[in-house]
Each structure stands twice: as structure tokens, then as C-alpha cells.
Amino acid sequence: MGLPKIDQPLFEVTVPSTGKKAKFRPFTVKEEKILLIAQESKDIDQIILAVKQIIGNCVFGPDVEYMPLFDLEYLLMNIRAKSVNNEVTFNVQDPDTEEDIELTIDINEIEMKHDPDHSKKVELNDEYYMMMRYPTINEIDSLVVKEGESEAEGTFRTMISCIETLVNVKSDEVYKFEDFTNEEITDFVDQFTANTIEGIQNFFITVPKMTYECPYKDNTGKDKVFKMEGMETFFM
């Protein structure tokens, strides 16, 4: 007779991008090993793989491949809180004194901040508007500036890659960007005005963010705040 399987408790969490509930279980020793290996490696590819594995194993319902990055960050924090405890302790280096500071955060106090001005809709003119989409975990590499590429070029490339559709207000015709070649998209984008670019930038600037501010004192007694944001800090 084989050893029995141990039932895991289930919890519910609200997915930030949809407002819908998703069930998840705590991670087991198997997932904890994956997490520790990723933390020790500090390698972005290893971290991406670890996040996909842990959330894919522990969350029931949403497809990890298509979820916005901020959803994944939020889910990972909730899984960690129920799997170990709600406190995470880590060290950071003070930018002025260069001393190592030990900080502890309460995961339960981390909130997803939603900007009231955020919109996925970007107006082009009276006839057309575009709908944006959020970057997914498979596109983290595309968010990094490539070798030989300026920061402006990298930022622009990332912004354009997240345009999902173009809608004609008058005819209700919808153009899916995935149906067009890079050359066709480039020719179209070259027509953008400064206002259009500003609208795309605003979409990224106001995207929901999981942030937490942790106050501390440096060795001179000065009050300071360490601001953490996203999975990069979580994997420190």
C-alpha cells in the first residue's frame, strides 16, 4: 500500500486585473525548493521559470502564461504568506552610508495601488482608438533594453508591443495587431502624434503596482524609507 496524499487547505484571493476570485493552495516542499533556487541564483530567467512553476502549481483557474505581471506578483505574495508566514526579512544597502540594513515587511499590509486615471484605451483621433494590453511574464525580456539599443528605443519598442487592437469608431471595425507584420506595424506607428505617444506612456505609468514602503534609520540616526516594488525585491 502506497503512502497517502496529504490534502492542502485552499484559500481565495481577488485577482487585481479582473476583480475575480481565484483559489490557491500553499506551496509545498517541492515549490519551496524551486523558490530557494531562484532566490539564490538571482538570475532573471530562473526567477521567471520559478514564478511560472509555483503559480501554475498552486493557483487554480487563471492561466499563468497570459496573466499581467502585477497579477503574478500579487498572487506570489499571497501564496508565500499562507505557505510560510506573513513576514519577510531581508537586507538592503543604504545608498548613502552603504551599510547593510535588515528590514522586515508584513505581506498582509502590501496593497495593489490602482491609479484612478489608468485606462487601456488610447485615443488617436475622432475616428480611431487603440486598446492596450498588459505585459505578461513571457515578455519580461522584451522590457529590458537590448545591447546596442538606446533606452528611448527600448522603451518605445516595449510600448508598441503592448498595443492589442485598433478600433474604428465609425465602422466598429477592429484590427488585431497580431495579424500584421512588424513592417506594417512600424509604418502605422510612424504616424503617431506626440499626444498618442503620451497616451501610451500614461498607460504604463499608471498601471496597477504592488508597492510597500518600509521606514528605517541609518547609522547616523536619519529617518529613511525603502520602497519595494514588484518581484525583483521579493527575490532579493
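The values are calculated or read from the model by the stated rules, or taken from the named source; none is laboratory data. Just so we're clear, the structure is a prediction, and the values are computed from it rather than from any experiment. Glycine also receives a Cβ, built like all others from the backbone with ideal geometry; neighbour counts cover every protein chain displayed. For the accessible areas, the whole protein counts, side chains as well, though only heavy atoms, and no ligand, DNA or RNA atoms are used. Shrake-Rupley method; radii C 1.70, N 1.55, O 1.52, S 1.80 Å.
Annotation: of all residues in region 172-230 being without any contact (Cβ under 8 Å) to a residue 60 or more places away in the chain and of a type in the set (Gly, Ala, Ser), the one that is most open to solvent (accessible area, probe 1.4 Å) is Ala194.
When region 93-105 is filtered for residues that are open to solvent by 20 Å² or more (accessible area, probe 1.4 Å) and either modelled with pLDDT under 85 or at positive phi (or both), only Glu98 remains. Scanning region 77-132 for residues that are more than 20 Å from the chain's Cα centre (by Cα), among the hydrophobic types (A, V, I, L, M, F, W, C) and under 26 Å from Phe188 (Cβ atoms) yields Val122, Leu124, Met130. Taken together, the residues in region 3-18 that are under 16 Å from Ile79 (Cα atoms) and in contact with a helix residue (DSSP H, G or I) (Cβ under 6 Å, 6 or more places away or on another chain) amount to 4. Inclusion of Val59 among residues that are aliphatic (A, V, I, L, M), more than 29 Å from Pro215 (Cα to Cα) and in contact with a helix residue (DSSP H, G or I) (Cβ under 9 Å, 6 or more places away or on another chain) is warranted. Among all residue pairs at least 6 apart or on different chains, which show Cβ distances below 6 Å where the first residue, located in region 31-56, is farther than 20 Å from Phe11 by Cβ and the second is open to solvent by 50 Å² or more (accessible area, probe 1.4 Å) and at pLDDT below 85? Pairs found: Ala38/Gln46. When Phe90, Phe70 are checked against the criterion of being buried (at least 16 other Cβ atoms within 10 Å of the Cβ) and assigned to a strand (DSSP E or B), a single residue qualifies: Phe90.
Residues in region 40-50: is at least one open to solvent by less than 10 Å² (accessible area, probe 1.4 Å) and closer than 24 Å to Ile105 by Cα? So far as region 40-50 goes, yes, one or more of its residues are open to solvent by less than 10 Å² (accessible area, probe 1.4 Å) and closer than 24 Å to Ile105 by Cα. Got at least one residue in region 1-11 being more than 26 Å from Pro135 (Cβ to Cβ), among the small types (Gly, Ala, Ser) and not in a helix (DSSP H, G or I)? The answer is yes; a qualifying residue exists.
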